[in-house]
1. Just checking, how many residues over the range 76-110 are hydroxyl-bearing (Ser, Thr, Tyr), at negative phi and surrounded by fewer than 18 Cβ atoms within 10 Å (Cβ to Cβ)?
2. Quick test of your reading of the structure: Tyr134 fulfils all but one of (1) surrounded by fewer than 17 Cβ atoms within 10 Å (Cβ to Cβ); (2) of a type outside the set (Gly, Ala, Ser); (3) closer than 14 Å to Glu50 by Cβ. Name the failing condition by number.
3. Go through the range 141-171 and count every residue that is among the basic types (Lys, Arg) and buried (at least 22 other Cβ atoms within 10 Å of the Cβ).
4. Quick test for you: out of Val110, Val118, pick the one residue that is β-branched (Val, Ile, Thr) and free of Cβ contacts under 8 Å to residues at least 24 places away in the same chain.
5. Do you know which residues across the range 111-131 are open to solvent by less than 50 Å² (accessible area, probe 1.4 Å) and part of a loop (DSSP other than H, G, I, E, B)?
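The values are calculated or read from the model by the stated rules, or taken from the named source; none is laboratory data. Small disclaimer: the values here were computed from a predicted structure and weren't measured. Glycine also receives a Cβ, built like all others from the backbone with ideal geometry; neighbour counts cover every protein chain displayed. The accessibility values were calculated without ligands, DNA or RNA, using every heavy atom of the protein model including side chains. Shrake-Rupley method; radii C 1.70, N 1.55, O 1.52, S 1.80 Å.
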Amino acid sequence: MNGTTKASTGRMFAKRLRSAAVAGSLLLLAATAGAFSAGPQDGRTNAPGETNCTACHATFPLNSGLGSLAITNLPAAYTPSQHYLLNVSLQDPVAQRWGFELTLLDQAGVSAGSLAAVDATVQISTGGPFGRTYAKHTSSGNFLGQTGGASWLVSWTAPAAGAGDLRLYIA
């Protein structure tokens, strides 16, 4: 690949990212026993081999309720080594605490590109069962008491040329 991914790769990337956003688990509930207000443990995105938010938030079944998740500023086809400012947004009519964890993986299940926090509401960590890199909320990024919704900005630098199709996992 020369500078940009093939059109079919871009369509598959966008489709998979949309699928991940729909199928990804949402962290919309007030903290329950075992929850981490300063950010979840690494490996809670529902990526292959991982658990999801219900490992700590067991009050409701996965993807139940009236909440919604949106990730904006995702490219239809990423340009290798290009910087993107992703906006993660959660909405729910009853939630009063918010959070997320995301990772971007290549076809081998390895972290793809690099993630960076834009402000104090997001942190970056590497760990979990596969040593993957995650973006997730911080204590100030759980927006305790805020109703209606919350959003976070995450900087993502796409991987170098030749990385192939990527998948985003978010909980």
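1. Step one: list which residues in the range 76-110 are hydroxyl-bearing (Ser, Thr, Tyr), which gives 78-79, 81, 84, 89, 103.
After this cut, where a residue has to be at negative phi as well, the list is 78-79, 84, 89, 103.
Right, trim to surrounded by fewer than 18 Cβ atoms within 10 Å (Cβ to Cβ) and you get 79, 84, 89.
Looking only at that region, the number is 3.
2. (1)
3. Going through the range 141-171, the residues among the basic types (Lys, Arg) turn out to be 167.
With the extra rule that they be buried (at least 22 other Cβ atoms within 10 Å of the Cβ), the set shrinks to none.
Qualifying residue count for the region: 0.
4. On the way: Val118 fails: free of Cβ contacts under 8 Å to residues at least 24 places away in the same chain.
Within the list Val110, Val118, the selection yields Val110.
5. Residues satisfying the conditions are Ala112, Gly113, Thr121, Gly131.
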